[in-house]
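Novice: There's a structure below that I have some questions on.
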Amino acid sequence: MLIRCPSCLCKSRIAASEQLSNETRRTYNQCLNFNCGVTFTQLTSLEKIIRSPSQGSHPPDSTKQPELCLNPNQMDLLVGEPMPCIG
Ligand SMILES: [Zn+2]
């Protein structure tokens, strides 16, 4: 996800984030432009569900989607707590 600096409109990076609720996450961003360097926060929130699961929600199957399952070395700061998996 590209997040532009609000000051110079260059790319920024997400340095850290925190989950505020199941629907909202705050990211701490830093502009990559050395001549700017603005830091700022941004909120990412669920707006609405476009399509609900046809048969209800179920945890991911670790044999089919291991990347979605518990991994203590996971470095993706945008992903919240890993889900417990089946399988
Ligand atoms: Zn900037």
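Read-outs: derived from the displayed coordinates by stated rules, not from any lab. Remember, predicted model here, so these are calculated numbers, not experimental data. Every residue, glycine among them, receives a Cβ derived from its backbone with ideal geometry; neighbour counts consider all protein chains shown.
Novice: If the requirement is being touching a strand residue (DSSP E or B) at 6+ places or on another chain (Cβ under 9 Å), within 14 Å of the ligand (Cβ to nearest atom) and in a loop (DSSP other than H, G, I, E, B), which of these qualifies: LEU2, LEU9?
Specialist: The unique qualifying residue is LEU2.
Novice: Within the range 41-63, track down each residue that is in contact (Cβ under 8 Å) with a residue 12 or more places away in the chain, in a loop (DSSP other than H, G, I, E, B) and among the polar types (S, T, N, Q).
Specialist: Hits for the range 41-63 are SER62, THR63.
Novice: I want to confirm something. Restricting to the range 20-40 and keeping residues that are surrounded by 12 or more Cβ atoms within 10 Å (Cβ to Cβ) and assigned to a loop (DSSP other than H, G, I, E, B), which single residue is nearest to the ligand (Cβ to nearest atom)?
Specialist: CYS36
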